[in-house]
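Written below as structure tokens is the structure these notes are about.
The values are calculated or read from the model by the stated rules, or taken from the named source; none is laboratory data. Remember, it's a predicted structure, so these values are computed and weren't measured experimentally. So basically every Cβ, Gly included, is an ideal-geometry build from the backbone, and we count neighbours across all protein chains shown.
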């Protein structure tokens, strides 16, 4: 575990069990489970509040997915992402004070009395630094309310320590998300943390009105307002070609063209005849095919000016087979990236379809979409009035 304290510690004697800052408004963003959209919501709230003229800051007290930044400092990857996009202009260590590695829980349980006070102290000092001279600070949790309980730094514990209200993010629906919200709210309630509201994410657009009606009624019984519903946005769950290359263990045969979209919104397997593949090509299509399908590649090359070839994000050639250099040269000339993998078609397709797509620092198109979703679909006035 890294306690990222040295670069932002204030000259205050003793250990802090509560932050000194009591003026900066704060909101703790939690989720009912992993991959519900907590980071997406935090990013969107940060950008939306910034666009409204607020001086916004951010902190993620406990990091579980760690990346190493300058001078060997270990921080949460979500913190690195947000800072890469918005350049928060505070020490990144103050935005990610506690980095938990795979052995931390064991070290903590071996001697909890030694580590517990320092965890709280580091989080409080980091919060004070991150919140200094800011209007609002977004505190991003690490999953559901109970994550971190094993070392007495759960999301509920940290929200209480930071004197913050909580917004709970859950996946779209009625019964299951409300049940999960009730369980999470119970733990926050037990710590005396007030729930400012709920945001339901990834709603099928055709069901927005129905879910708003019934989820609002169900949440009202729990005493929690529904702050907003975010419709499912295909582009946010579509990987880019670079992410796909990493997932399938591929390598570039024809590199990316600068400025061309990498987004893979449509995946098709080139199992059909060459003449029929154009019936399946849509915007931002990735084609997966065995590397010996020269007929298919020639058809794409020949139709470059008439078959919307610019819509093709890239071609993935499988089975460890690669076409002759002259074909790769022609694909390069028409601006189609080509990737090769040793995996066969089925396994390649399966891996891509099962990817959990996270927003990356270079996903500027996603960031603008996320900000727009929050501004359009979340009652920011009600949220701000509650904190």
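With the structure loaded, tell me whether residue 63 is at pLDDT below 85 and within 16 Å of residue 28 (Cα to Cα) or whether it fails that test. Answer is yes for this residue. When each of 29, 67 is tested for being assigned by TED's automatic domain parsing to the domain that holds residue 156 and surrounded by fewer than 21 Cβ atoms within 10 Å (Cβ to Cβ), the lone residue that passes is 67. Checking residue 55 against (1) at pLDDT 80 or above; (2) surrounded by 21 or more Cβ atoms within 10 Å (Cβ to Cβ): exactly one of these is not met. Which one? Evaluating residue 55 over (1) at pLDDT 80 or above; (2) surrounded by 21 or more Cβ atoms within 10 Å (Cβ to Cβ) leaves (2) as the failure. For region 62-103, the set of residues classified as assigned to a loop (DSSP other than H, G, I, E, B), touching a residue at least 60 places away in the same chain (Cβ under 8 Å) and closer than 16 Å to residue 43 by Cα consists of 96 only.
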